[in-house]
Every structure is written in C-alpha cells, then in structure tokens.
Amino acid sequence: MVIFTPFCLILVSYACIISSTLKISSAEGRYKTFSTCSSHLIVVTLYCGSGTLSYLRPKSSNSQDTKKVLAFTYTAIIPTLNPLIYNLRNKEVKGVLIRIIAELRKI
C-alpha cells in the first residue's frame with residue numbers, strides 16, 4: 001500500500017498533465033512538455049518498480065542473490081541513473097552519449 005498509493009497518484013497526475021498537454025496548440029510546446037514528463041516518469045517507474053519487486057516477491061522465489069541484486073538496484077543504480085536520465089534532455093549530453101556508444105560499437 002505504501003508503494004502502490006503514491007504510484008497511483010503519480011499516474012493520475014500524469015493523466016491530467018497529458019490531457020492538458022494535448023490541448024496545447026503548438027507542437028513545440030507539446031514536445032517540451034512531453035520531454036520533461038517522460039524523463040520524470042522513467043525515473044519514477046524505475047524507482048517504484050524496483051522497490052515493488054524488492055518487497056512484493058513471493059516467498060518461494062526469495063534467494064539471497066536475488067535480494068542482493070534488487071537491493072543494489074534500488075539503492076545504488078537507480079539514484080545514479082537519475083542525473084543521466086534528466087540530462088538526456090540536454091543536446092550536449094545526448095551528443096556525448098551517442099559518441100560514446102559509437103566508440104563502443106567500434107571496439
């Protein structure tokens with residue numbers, strides 16, 4: 001209930017935001033709004049999803065290794081990804097990320 005209630009409230013608020021965004025007449029305004037909302041929604045989904053998986057797993061599938069991976073994901077990986085996800089709206093960061101991926105493909 002502690003995870004589900006805030007997540008539902010976030011989804012309801014995003015439904016209202018999307019409804020309002022679709023009423024914007026300019027395409028650029030809609031793009032900016034969706035860009036901002038999508039990065040936040042990705043972060044919230046990752047955070048709530050990993051937290052939900054950590055606490056709502058059936059007892060039969062609880063192994064210590066799985067618990068450790070989920071706990072590490074919830075406490076370390078997702079907070080580390082937050083700045084990257086929010087900065088993907090920045091054109092310079094996108095360019096650097098594309099160059100890094102291109103270099104990795106060459107290797």
key: 3J(HN,Hα) from dihedral phi, the stretch 5-15, Karplus parametrisation 6.51/-1.76/1.60, rounded to Hz, x for glycine, proline   = 4, x, 4, 5, 5, 5, 4, 5, 5, 5, 4
ask   = Roughly how many whole Å is it from the C-alpha centroid of the stretch 62-98 to that of the stretch 1-58?
value = 17
query = Quick one, which of (i) 30, 24, 9; (ii) 34, 20, 12; (iii) 33, 16, 10 is the actual semi-axes √(5λ) of the Cα gyration tensor in Å calculated for this model?
reply = (i)
note = Farthest towards the positive end of the dipole of the stretch 4-106, among PHE34, SER19, PRO6 and with Cβ unit charges of +1 on Lys and Arg and -1 on Asp and Glu, lies the Cα of PHE34
task = Divide by every residue of the chain the summed helix terms, -39500 (n - 2.57) for each DSSP H run of at least 4, and state the resulting mean residue ellipticity at 222 nm, rounded to the nearest 500 deg cm²/dmol.
result = -26000 deg cm²/dmol
key: Using a Förster distance of 30 Å, the FRET efficiency for VAL44-ILE107 (Cβ separation, nearest 0.05)   = 0.35
key: Highest average packing first - 21-29, 4-12, Cβ atoms within 10 Å   = 4-12, 21-29
remark   = Filtered pair list for the stretch 4-106 (Lys only, Cα < 27 Å, 8 or more apart or interchain) has a length of 8
message = Can you give me the distance in nm between label points at SER13 and SER35, each placed 7 Å from the Cα along the Cα-to-Cβ direction?
response = 2.2
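None of the figures in this text is laboratory data; all of them are computed from the coordinates on show. Note that this is a predicted model, so its numbers are computed, not measured. FYI the Cβ positions are ideal-geometry reconstructions off the backbone, even for glycines, and counts take in every protein chain you see.
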